[in-house]
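Comments concern the structure below.
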Amino acid sequence: MAYYLMLFAAGFAGSFHCIGMCGGFACALGRDGRGRGATLLRHLLYNTGRLTTYCFLGALAGAFGEVLCTPQGSRVLLLGDSFDVAQRTLAIVAGLLMICMALQFFGHVRVFHRLSVGFAASTFAVALRSLLVAQGRAAPLAFGVFNGFLPCPLVYAFAAEAASSFRPLAGVLTMAAFGLGTFPAMLLMGGVGRILTPMWRQRGVRFAGGCILALGIVTLGRGIAPMAGHAAHAWAGGHPG
Amino acid sequence: MSAAGENLCSHCFLAVGRRPMRVMVNGQSCAFCCYGCCIAFQVKSGKSEEWDAAWILIRLGIGGFLSMNIMLFSILLYTGAFSGADANVLPRIELLLCILATPAVVILGGPFLVETWSNAIRGRLTSSALIVVGVGAAYAYSVLAVVEHSGRVYFDTATMVLMLFTVGRYLEAVGRARAARDLEPLLAAESECATVVDGGTERRVPIREIDAGMRVRVRPGERIPVDGVVLDGASWTDEAVMTGESRHIGKNVGSPVIAGSINLDGPLLIRSSGPGTATRWAQICRSVRDALSRRGATQRLADRVVAAAVPLVLALSLLTVLYWAHRLPFDRALLVGLAVLVVACPCAVGLAAPLATSIGIGRLARCGCLVREPGALEALARTRSIAFDKTGTLTSGEARVVNIETEGVEADEALARAAGLERHSEHGLARAISLAAAARGLEPVVTREVRIVPGRGILGSAEGHQVAAGNGPFISDLGWALEPRLIARARSQEAAGHSVVYIGWGGRVYAALSLDDSTLPEARATIDALRGRQLNVTLLTGDIAAVAKRIAAAIGIDDVEAGLSPEAKRAGLERRRRFHKMVAMVGDGLNDGPVLAEADVGIAVGSATDLARETAAIVLPNNGFWMLPWVVDVARAVRKTILTNLIWAFGYNTIALSLAALGVLQPILAAAAMAGSSVLVVVNSLRLARLPDPSASLTGRSAPETPCQVASAVLDPVIEPG
């Protein structure tokens with residue numbers, strides 16, 4: 001449980017990044033003319049859409065991890081213990097990815113800059129833009145669903161963490177904890193607009209970077225030094241998977 | 001790191017660090033901290049466009065929300081997350097899946113069902129029927145399984161298949177919208193409004209309601225709605241779409257303006273010179289819309305194949321289910337059948353040709369080239385032979401009168417009568433005669449009952465006499481008296497390569513005008529470029545052999561037929577068609593109209609004639625002759641794209657169909673590949689929009705008068721009075 005609380009905290013801290021990136025969307029969705037309840041519903045729908053996408057990505061990542069690490073004669077004997085090579089490799093890759101993301105939050109590394117294909121990216125942007133101004137009651141939900149797919153370093157980092165959990169359920173829970181962590185700030189943005197100064201957000205982003213860095217190091221540790229990784233894990237409350 | 005003066009992300013206003021991502025958005029350089037912010041910035045700050053596909057997107061979002069939940073639980077179900085102690089929750093999970101899937105199937109499947117139904121009542125089976133039958137079967141089977149607590153459920157398959165097909169539909173819509181973007185300025189004449197100034201008030205009026213004499217205000221950045229004359233203001237205009245002219249043209253008080261051109265930087269007040277529906281812009285708009293609504297030959301063939309394929313695929317899938325039902329549990333057999341239906345759906349086939357064609361038409365339209373017949377591009381691409389008319393096409397068409405031989409009358413009198421007759425014609429020689437008369441300060445003799453005999457001459461009556469002007473055969477057909485001395489002098493002029501027009505009245509020929517016509521400076525390079533594209537080049541002209549030979553030698557054409565009447569030109573085309581199957585004919589639009597109509601592809605160059613009477617399938621702008629090789633390139637690229645699209649779509653369907661029937665392909669994978677196939681067709685077609693500009697694709701061309709380069713390049717900053 002403590003593990004998921006930590007993810008929640010990381011998500012909450014990370015939402016300082018969200019305020020910058022997606023908070024604008026929350027503001028743009030704005031208030032509903034039909035009153036306070038409708039406004040709340042609008043933003044709940046938007047955030048539910050986002051959360052669903054995160055959970056889906058978590059399930060996919062977890063299933064991907066599981067498929068990759070299903071024992072198929074790849075077990076090796078190491079120091080008398082059996083460790084899955086694939087599992088460890090995945091943990092190392094995920095850990096490195098998370099550390100890269102964390103460093104990106106500190107402004108040191110640039111990842112995923114050349115990830116885009118012109119058509120895909122601009123089509124996506126135009127698609128989101130048209131949803132942002134669409135009038136239907138369900139549009140915020142749809143917008144949230146697509147918003148969840150925006151290439152966000154936070155989401156990548158947590159998807160990597162979900163993959164290294166090797167279980168779809170654990171993956172879903174990882175992403176859900178992260179997603180719920182981003183809820184308060186995003187809901188707040190819907191109500192009050194940009195309340196935090198860039199400096200405070202910058203601090204929040206650093207804090208999120210620190211959390212992700214810590215998670216990344218623990219995950220990396222699980223891959224490189226299984227015993228130490230397990231120890232760290234036990235300290236963090238244990239992994240359900 | 002957050003020291004003052006450091007760059008901030010344009011979107012989230014956080015420090016971008018030492019290696020920011022720099023992108024141009026809407027013409028300004030922006031720095032972003034991450035790629036997500038870059039997209040988010042584009043979403044928020046981009047130009048807001050009307051987006052027809054928005055409703056598909058909402059549908060997709062809601063469907064995505066539901067089907068992602070379904071997938072999520074299904075993944076958990078498949079990976080055994082609910083096995084063991086949690087096994088008793090299994091029926092509840094299945095019920096939950098059913099509850100989630102039902103709205104998803106309604107929301108995502110609705111449009112497919114409506115389409116199937118509306119076609120079915122008209123007795124047609126379309127590809128959406130395959131999706132409806134397949135998904136309907138999977139959904140119905142799963143609902144039954146939930147009710148009876150037996151067997152597995154396949155809600156995930158049903159919704160994901162619908163989801164992926166809707167994604168395919170959405171991308172189609174995006175592709176179509178992109179294709180329409182180039183055509184939008186041409187089609188706007190029917191939808192846009194203009195600001196009419198009436199006394200002191202201004203009101204917005206649809207362009208079609210504008211009449212001659214109305215005063216119209218055009219703000220900077222707006223399109224000029226009607227032809228007219230500037231009453232007030234000065235500005236630069238961009239006429240590229242209308243004339244292919246890429247230079248910005250300065251306008252001030254008294255300058256004529258063309259409907260459809262863009263007013264760039266200053267407000268203009270113009271007086272309309274005619275109704276808004278009579279402009280070339282409005283004519284182009286009507287003709288482009290007609291062209292888009294018709295289907296080319298390849299697409300008609302593809303449509304027929306699709307129509308035949310749908311019932312076949314339904315039968316095949318039924319057989320597959322029956323076959324596998326003997327060997328596998330029924331639900332597995334049903335899945336194999338579903339995979340067959342999904343994979344055989346020929347969505348990409350229906351998209352292959354229209355998308356590529358409309359993007360090609362849009363690409364040409366950007367440089368002022370107008371395609372009136374969608375099949376014309378495909379035909380032009382297949383053509384290996386191209387025939388040219390001479391006057392006004394290979395030559396400037398602006399002949400000069402160089403000599404006047406008379407017999408018994410003054411040269412001025414003959415010229416005045418000829419001018420009175422010829423001002424009713426738009427033929428190149430006719431204009432030269434009118435100009436020559438004007439240069440001498442002669443008043444054209446008023447002529448009535450004018451009749452043009454294409455390719456031969458012109459006939460009318462003035463001052464009680466019949467007046468005629470035309471070539472030798474025309475005069476001898478009339479049977480008018482002709483002095484032998486005049487004939488001899490005219491023949492010597494013809495031998496020198498001049499065009500001779502005989503002028504006569506009252507049953508007798510009095511004068512012979514010699515006209516000389518110079519070749520276009522870019523003709524030789526253009527002909528060479530066409531020959532470099534493996535095109536057989538021919539000159540078919542009504543002019544005499546000496547002139548034709550001289551011109552042909554100057555521009556490098558070996559195959560010449562001269563002295564042809566329009567009928568003989570058609571016969572000439574027919575002869576070439578026997579060798580080359582398809583022949584294109586390039587002319588100036590009016591006097592060779594029947595021949596252009598007869599050719600497989602008629603191409604008119606720079607015709608100032610009325611577009612409505614135009615018989616050519618492709619119309620190049622004024623002075624646009626040099627673009628011809630580029631037009632051929634575009635046509636060939638369009639045809640190649642259509643063919644690769646069709647080969648891909650059909651080939652993919654065939655291979656995947658066999659895999660599916662063998663039970664190797666999962667339905668969801670099949671649907672994903674199907675959507676991927678649509679994406680491939682869209683992306684492949686959109687490459688056409690990035691074809692190089694004509695000036696970039698034709699190197700070594702002699703400098704033309706109107707290069708159609710990027711419209712923003714100001715090549716000539718001198719304000720032209722118009």
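Key figures for this structure:
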item: In the stretch B:483-518, the residues that are surrounded by fewer than 20 Cβ atoms within 10 Å (Cβ to Cβ) and in contact with a Lys or Arg (Cβ under 8 Å, 6 or more places away or on another chain); result: B:497, B:516
item: Flag if residue A:119 is at pLDDT 65 or above and either within 7 Å of chain B (Cβ to nearest Cβ) or surrounded by fewer than 20 Cβ atoms within 10 Å (Cβ to Cβ) (or both); result: no
item: Considering residues of the stretch B:374-393 that are modelled with pLDDT of 80 or more and not in a helix (DSSP H, G or I) only, the residue nearest to the chain's Cα centre (by Cα); result: B:383
item: Matching residues, the stretch B:546-563, being touching an Asp or Glu at 6+ places or on another chain (Cβ under 9 Å) and over 26 Å from residue B:632 (Cα atoms); result: B:546, B:547, B:563
item: Residue in the stretch B:569-590 that is under 27 Å from residue B:414 (Cα atoms) and not assigned by TED's automatic domain parsing to the domain that holds residue B:470 present; result: yes
item: Any hit, the stretch B:401-412, residues being in a helix (DSSP H, G or I), more than 30 Å from residue B:533 (Cα to Cα) and not assigned by TED's automatic domain parsing to the domain that holds residue B:618; result: yes
item: Subset of the stretch B:108-159 [crowded, with 22+ Cβ neighbours inside 10 Å and among the aliphatic types (A, V, I, L, M)]; result: B:108, B:129, B:130, B:131, B:135, B:138, B:153, B:158
item: Options B:644, B:615; residue that is modelled with pLDDT of 85 or more and hydroxyl-bearing (Ser, Thr, Tyr); result: B:644
item: Any pair with Cβ under 9 angstrom, 6 or more apart, that starts in the stretch B:675-693 at a residue that is closer than 19 Å to residue B:349 by Cβ and within 11 Å of chain A (Cβ to nearest Cβ) and ends at one that is of a type in the set (A, V, I, L, M, F, W, C) and outside any helix (DSSP H, G or I); result: B:683/A:117
item: Leading residue by the ranking (surrounded by the fewest Cβ atoms within 10 Å (Cβ to Cβ)) among those in the stretch B:565-585 that are under 14 Å from residue B:379 (Cα atoms) and in contact with an Asp or Glu (Cβ under 8 Å, 6 or more places away or on another chain); result: B:577
item: Options B:138, B:173, B:158, B:177: the member that is in contact (Cβ under 8 Å) with a residue 60 or more places away in the chain, in a helix (DSSP H, G or I) and away from chain A (no Cβ under 14 Å); result: B:138
item: Test: residue B:231 is more than 14 Å from every other protein chain (Cβ to nearest Cβ) and within 28 Å of residue B:684 (Cα to Cα); result: no
item: Hey, residue B:518 closer than 21 Å to residue B:414 by Cβ and not charged (D, E, K, R) or not; result: no
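Here is a yes/no grid of residues against (1) outside any helix (DSSP H, G or I); (2) at pLDDT below 75; (3) at the interface with chain B (Cβ under 7 Å from one of its Cβ atoms):
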position	(1), (2), (3)
A:86	no, yes, no
A:97	no, no, no
A:100	no, no, no
A:109	yes, yes, no
A:114	yes, yes, no
A:129	no, yes, yes
A:136	yes, yes, yes
A:142	no, no, yes
A:146	no, no, yes
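Quick grid of which residues meet (1) part of a helix (DSSP H, G or I); (2) farther than 23 Å from residue B:318 by Cβ:
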| residue | (1), (2) |
| --- | --- |
| B:143 | yes, no |
| B:147 | yes, yes |
| B:150 | no, yes |
| B:163 | yes, yes |
| B:183 | yes, yes |
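The values are calculated or read from the model by the stated rules, or taken from the named source; none is laboratory data. Being a predicted model, the structure only gives us computed values, none of them experimental. Cβ sites come from the backbone with ideal geometry, for glycine too, and all protein chains shown count toward neighbours.
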